[in-house]
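For reference, the structure discussed in these notes is given below.
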Amino acid sequence: MFGLGYNAILVTVGAGLLGASAGLTGTFLFLRKRALVSDAIAHATLPGVALAFVVMVALGGDGRALPGLMAGSALSAWLGLLAVGWLSRHTRLAEDAAIGAILSVFFGAGIVGLTVIQSLNTGRQAGLETFLLGSTAGMLFTDAMIIAIGGALAVVAVILLRRPMLAVCFDPGYAAATGRDVHRIDLAMMGLVMAVTVVGLKIVGLVLIVALLIIPPVAARFWSDEAGRVVLISGLIGAFSGATGAILSASAPNLPTGPLIVLAAFAVFAASFVIAPKRGLLASVLWHLRYRRRVHLRQGLLALAQGHPIYEAFTMRLLRRAGLARADGVATDQGRAAAANALLDERRWQILRSDPKFETTAALYDGLRPIDTVLTPDQITQIDRGLGPRGAA
Amino acid sequence: MSIELATDDGQAVLPGDLSQSPLAIRGLTVSYGDKPAVFSVDATFQPGAMTAIVGPNGAGKSTILKSVLGIVRPLSGQILIHGKPAARQIHLVAYVPQRASVDWDFPARVIDVVLMGLSRELGLLRRVRRTHLDRAMACLARVGMERFADRQIGQLSGGQQQRVFLARALAQDAQIYLLDEPFAGVDAATEAAIIDVLKSLRDEGRTVIAVHHDLSTVSAYFDHVFLINTTRIAEGTVAQAFTSENLHAAYGGRLPAMPAAGQAG
């Protein structure tokens, strides 16, 4: 029974595609600052699952047929989404309060429904509760196929809609002003989230699907400052988490799949948090060490420029190692040039900081940053006017 | 209903001649909740001119721009761009929103923001090509920001963020430029750089309309002025409409200290 059979491979591929589509879609939700809406959507699926089961059994079919359950969950999720939208638009409730209300009411109704179904004793209802936490155990070939196709379709939709969705995420007013229909783009975004949720119900479960939508983009944000790349990286993290969780679940069938997938995503998040360049923990520690060196070097240069003695051994060591000063504390030629530069920069900063019109730029002053990295040439020209005749030398 | 418009230079668009005006507004009322932000406003903006929309806080200045752009939905009224409904002519308009309207921690570089101004040409799937990048860079150069193209937007100063927004609007290559408080919270050098760009846009025959709150610079920067306080107070050339009488009507007792109208500049 060990090793991945044909079915298990298909499940893994399906989970990977689902993860990719969740990671891609979730990024837009995250950037639109509406991450919690996905939690409302996910919880609002449950009454639909219960209802679909009842309807299918009443019609004499198999109550657990995945397509029927997905259709039912999509219907009630859409109702939940509409209800959240209606509440936040037509009442004084803020969106987070509307989400809380809808999420709990729909989830409560769903749990009641499931409990009633369990007491009905139709004999075949066992398994509906796996929609809470997800399971790959006993998954049918067609189920895995549906999930893989659904995930792939969502990926295609994201590729098609990425530009309008990013435009709306960054600046909805400007997006509207360039002729985009912000309301419809938002609806499409929520529709995609709903599709991912419905497709993911079987594998991840409704309680944790929100994690698969949110953790990958949050992790991806550590790696890039460019939205397009954040989307792509988030998709890859989602795919990795989905596939890894499915493989783990295949070798330990008693564990629910959803939590395994979420833990895999969390592992990527934790790793990103620590090792990501620029934004990661390690990088910020290294940055601080480098920052300390730069402060000492800058202070040393300013001291050299003004003929002050340098007391700190660490500063002196840095200056010597950079070839800016000799062992006796006298500046080299290179050191004199660097010192003059540092002094000019510092005087420009002083003028900038004494001018209230540069208030926002003045906040960037850290005693290190060369002024030409924060000002445009025309701004510097204006500053230099304040330096007087000596400053230009 | 007296409508005083610039007529002395012989080129001014008269209120009845809607198709000649790049942007004409008739009977515009917008309400957030039960209080109108703008009530039954008429405006006829002049082609190839720089017009300041001036009025106290909460007078509906930004609301006028947002109605033109379709960001807010008016209760009533007509907005015509070159004589046709604004919604169908929106491609002729470029917009510079208030800087505070976006989250500057958004994962985007300066160049990415400027490229958003080319969204109409890029469509859904077209790749960003060299020519697009060159045009975006040229717009950045026009506002003195070409060296900042790869910078994450959160690392810019307020004035630089405003320049990026202007560059994005320049990339749209529009006929009408609408700006919402472009000089709010920017440094003096940026203010000068922005006004230079706006004047060059006007000299190219484009129409520039800016919400403006600094009364002391109205005469120096603008040709025309539109005074509003929920309802229209006055419009016309700065010499005609920017009078202390009209300012008192717009601001009531809250008139901020300023040089007497007509003397500045």
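The values are calculated or read from the model by the stated rules, or taken from the named source; none is laboratory data. Because the structure is predicted, anything quoted here is derived from the model rather than measured. Don't worry about glycine lacking a Cβ; one is built from the backbone with ideal geometry, like all the others, and counts go over all protein chains shown.
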- Task: May I ask you to verify whether residue B:171 is more than 27 Å from residue B:61 (Cβ to Cβ), more than 10 Å from chain A (Cβ to nearest Cβ), crowded, with 21+ Cβ neighbours inside 10 Å and in contact (Cβ under 8 Å) with a residue 12 or more places away in the chain?
- Result: no
- When residue B:108 is evaluated against the numbered criteria (1) within 10 Å of chain A (Cβ to nearest Cβ); (2) surrounded by fewer than 21 Cβ atoms within 10 Å (Cβ to Cβ); (3) more than 24 Å from residue B:212 (Cα to Cα), which criterion, by number, is the only one it fails? (2)
- Filter the stretch B:118-145 down to the residues that are surrounded by fewer than 19 Cβ atoms within 10 Å (Cβ to Cβ) and at the interface with another protein chain (Cβ under 9 Å from one of its Cβ atoms), then identify the one that is nearest to residue B:93 (Cα to Cα). B:120
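Would you confirm, using the coordinates I've provided, whether residue B:115 is within 11 Å of another protein chain (Cβ to nearest Cβ) and not polar (S, T, N, Q)?
Values: within 11 Å of another protein chain (Cβ to nearest Cβ): yes; not polar (S, T, N, Q): yes.
Spelling it out, residue B:115 is indeed within 11 Å of another protein chain (Cβ to nearest Cβ) and not polar (S, T, N, Q).
Have a look at A:295, A:285 and point out the one that is over 23 Å from residue A:212 (Cα atoms), assigned to a helix (DSSP H, G or I) and touching a residue at least 60 places away in the same chain (Cβ under 8 Å). Spell out how you get there, then give the answer.
Values: A:285 fails: touching a residue at least 60 places away in the same chain (Cβ under 8 Å).
From the options A:295, A:285, the qualifying one is A:295.
So for the stretch A:75-84 (the condition being of a type in the set (Phe, Trp, Tyr), in contact (Cβ under 8 Å) with a residue 60 or more places away in the chain and in a helix (DSSP H, G or I)), does at least one residue qualify?
First, pick out the residues of the stretch A:75-84 that are of a type in the set (Phe, Trp, Tyr): A:78.
Still in the running and in contact (Cβ under 8 Å) with a residue 60 or more places away in the chain: A:78.
Those still in the list that are in a helix (DSSP H, G or I) too: A:78.
The answer is yes, given that some residue of the stretch A:75-84 is of a type in the set (Phe, Trp, Tyr), in contact (Cβ under 8 Å) with a residue 60 or more places away in the chain and in a helix (DSSP H, G or I).
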- Message: For the stretch A:188-204, which positions are more than 20 Å from the chain's Cα centre (by Cα) and among the hydrophobic types (A, V, I, L, M, F, W, C)?
- Response: A:198, A:199, A:201, A:203
- Item | Residue identified as of a type outside the set (A, V, I, L, M, F, W, C), buried (at least 24 other Cβ atoms within 10 Å of the Cβ) and either in contact (Cβ under 8 Å) with a residue 12 or more places away in the chain or touching a Lys or Arg at 6+ places or on another chain (Cβ under 9 Å) (or both) among B:190, B:230 | B:190
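Given A:36, A:10, A:29, which one is surrounded by fewer than 22 Cβ atoms within 10 Å (Cβ to Cβ), in a helix (DSSP H, G or I) and under 23 Å from the mean Cα position of the chain (by Cα)? Even if it seems obvious, please write down each step before you answer.
Numbers: A:10 fails: under 23 Å from the mean Cα position of the chain (by Cα); A:29 fails: surrounded by fewer than 22 Cβ atoms within 10 Å (Cβ to Cβ).
None of the other options fit; the residue is A:36.
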- Criterion (part of a loop (DSSP other than H, G, I, E, B), assigned by TED's automatic domain parsing to the domain that holds residue A:226 and surrounded by 15 or more Cβ atoms within 10 Å (Cβ to Cβ)) met by exactly one of A:87, A:128: A:128
- Subset of the stretch B:221-247 (residues that are modelled with pLDDT under 95, of a type outside the set (Asp, Glu) and assigned to a helix (DSSP H, G or I)): B:238, B:239, B:240, B:241, B:244, B:246, B:247
- Checklist (1) modelled with pLDDT under 90; (2) within 14 Å of chain B (Cβ to nearest Cβ) applied to residue A:229, failing item: (1)
- Output the residues belonging to the stretch B:174-196 that are part of a helix (DSSP H, G or I), more than 10 Å from chain A (Cβ to nearest Cβ) and out of contact with any Ser or Thr (no Cβ under 9 Å at 6 or more places or on another chain). B:194
- Scanning for something assigned to a loop (DSSP other than H, G, I, E, B) and either in the same structural domain as residue A:262 (by TED's automatic domain parsing) or at pLDDT 85 or above (or both), does the stretch A:101-118 turn up at least one residue? no
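Name the residue, out of A:290, A:336, A:347, that is assigned to a helix (DSSP H, G or I) and in contact (Cβ under 8 Å) with a residue 40 or more places away in the chain. Before you say what the answer is, go through the steps one by one.
Details: A:290 fails: in contact (Cβ under 8 Å) with a residue 40 or more places away in the chain; A:336 fails: in contact (Cβ under 8 Å) with a residue 40 or more places away in the chain.
When all the criteria are applied, what remains is A:347.
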- Do any residues in the stretch A:374-387 that are facing chain B (nearest Cβ under 7 Å) have Cβ atoms under 8 Å from those of residues that are among the aliphatic types (A, V, I, L, M) and part of a loop (DSSP other than H, G, I, E, B), where the two are at least six apart or on different chains, and which pairs are they? A:374/A:364; A:376/B:145
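Residues that are at pLDDT 90 or above and within 14 Å of chain A (Cβ to nearest Cβ), at least 1 per element: which strands (runs of 3 or more DSSP E) completely within the stretch B:36-101 meet that?
Values: elements: B:50-54, B:76-81, B:93-96.
Per the criteria, B:76-81, B:93-96.
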- Message: Which count do you get for residues in the stretch A:70-122 that are more than 27 Å from the chain's Cα centre (by Cα) and basic (Lys, Arg)?
- Response: 1
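The rows are residues; the columns are (1) outside the structural domain of residue A:292 (by TED's automatic domain parsing); (2) over 23 Å from residue A:296 (Cβ atoms); (3) at pLDDT 80 or above.
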position: A:344; (1), (2), (3): no, no, yes
position: A:356; (1), (2), (3): no, yes, no
position: A:372; (1), (2), (3): no, no, yes
position: A:377; (1), (2), (3): no, yes, yes
